[in-house]
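Here is the structure we will look at.
Coordinate-derived values only; no laboratory data. None of the values given here were measured: they were computed from a predicted structure. Glycine also receives a Cβ, built like all others from the backbone with ideal geometry; neighbour counts cover every protein chain displayed.
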Amino acid sequence: MRWRTSMGWLRDERGSIAAILALAMGVLLSMTALVVDGGLLYLVRARLADAADASALAGVQELPENPEEAELVARDFASRNGVPAGGVVVNISDNWHRIEVEVSQTVNLMFARLFGFRQVEVKAKSCARVGPVRAVKGAVPFGVERQAFEYGVQYTLNYVSNDKDRENGRHRGNFGALALGGTGGGTYRDNIKYGYSGTLHVGDWVETEPGRMAGPTWQGVEYRINQCDHVPGCSWNSFVPGCPRLVYVPIVDSAIPPKGRDYVQIVGFAAFFLEGVEGHGSSARVTGTFIRTVIEGECWDGEDFGLRSCRLVE
């Protein structure tokens with residue numbers, strides 16, 4: 001009887017071990033499913049998040065003028081990043097300054113199938129907005145008066161006549177030039193050639209640069225145009241990003257004061273494709289074609305002169 005009792009105890013022990021092993025196996029499988037399928041879901045989620053960001057930033061650059069094109073561009077970028085065609089939802093705000101892109105993908109699970117979970121839908125969302133830039137580095141020293149610019153139209157950026165330039169019986173002393181980071185013809189010329197090295201902000205008061213400055217104007221503009229060695233040559237509607245002929249111009253609140261050193265306030269920034277300088281003797285007329293473009297920088301809700309920045313929000 002003692003021997004039978006001992007054997008019964010052994011059978012009980014074996015049954016307990018089997019139950020423990022079964023439980024341990026279930027825990028092990030659960031952990032495996034969590035690690036393998038969880039890792040897969042994490043990787044897919046990260047890829048979708050990147051795709052949503054890229055799509056939103058690409059599409060927002062078409063706003064606010066072309067909302068339909070903005071949606072097409074966003075969908076195209078999502079497709080290039082491996083998002084299924086049916087997994088893209090694009091929404092554009094009523095004022096056409098904001099785009100939201102939501103992407104999704106159904107992921108087939110591996111080990112989680114053992115517990116009845118076959119598929120999971122993974123989603124990611126991104127939102128971007130576009131607005132006029134609040135600050136610009138590398139601006140040229142031309143103060144252009146606030147006005148309603150038309151895309152593709154040429155404008156005078158700086159004008160010096162070789163007559164007496166009289167206004168109300170007195171010689172004009174300002175011709176649209178700005179003293180950025182210093183005064184004098186050399187500083188003015190270098191700011192045309194290379195762009196002002198400092199950063200200008202909306203609301204800044206900047207000093208005018210009086211005098212004809214025809215020579216420095218010619219030298220600066222011709223240098224800048226000659227730096228464009230792209231083939232084929234750039235034009236206002238087809239240019240290489242970063243082309244030297246693309247200039248950023250401060251827009252000032254009112255006309256440049258007629259005489260002597262004075263101050264004007266910056267109300268925004270615009271982009272122009274530098275067409276050239278013309279005149280003879282002590283005259284110089286700089287022209288540029290107004291364009292719209294997007295650069296890096298802080299955007300805000302102020303007056304829009306076509307030079308914009310975009311960023312991800314939320």
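Quick notes
- Debye equation applied to the C-alpha atoms of segment 135-313, log10 I(q)/I(0) at 0.13 Å⁻¹: -0.61
- Per-residue packing, averaged as other Cβ atoms within 10 Å, sorts the ranges 77-86, 129-138 into the order 129-138, 77-86, beginning with the highest.
- Going from the residue with the fewest nearby Cβ atoms within 10 Å to the one with the most, Thr287, Thr183, Thr199 rank Thr199, Thr183, Thr287.
- Burial order of peptide ranges 229-235, 200-206 (average beta-carbon count within 10 Å, highest first): 200-206, 229-235
- Take the Cβ atoms of Asp229 and Asp76, set R0 to 45 Å, and the FRET efficiency comes out at 0.90.
- ³J(HN,Hα) computed for each position of segment 274-282 - Karplus, 6.51 cos²θ - 1.76 cosθ + 1.60, integer Hz, glycine/proline x: 5, 8, x, 10, 9, x, 7, x, 9
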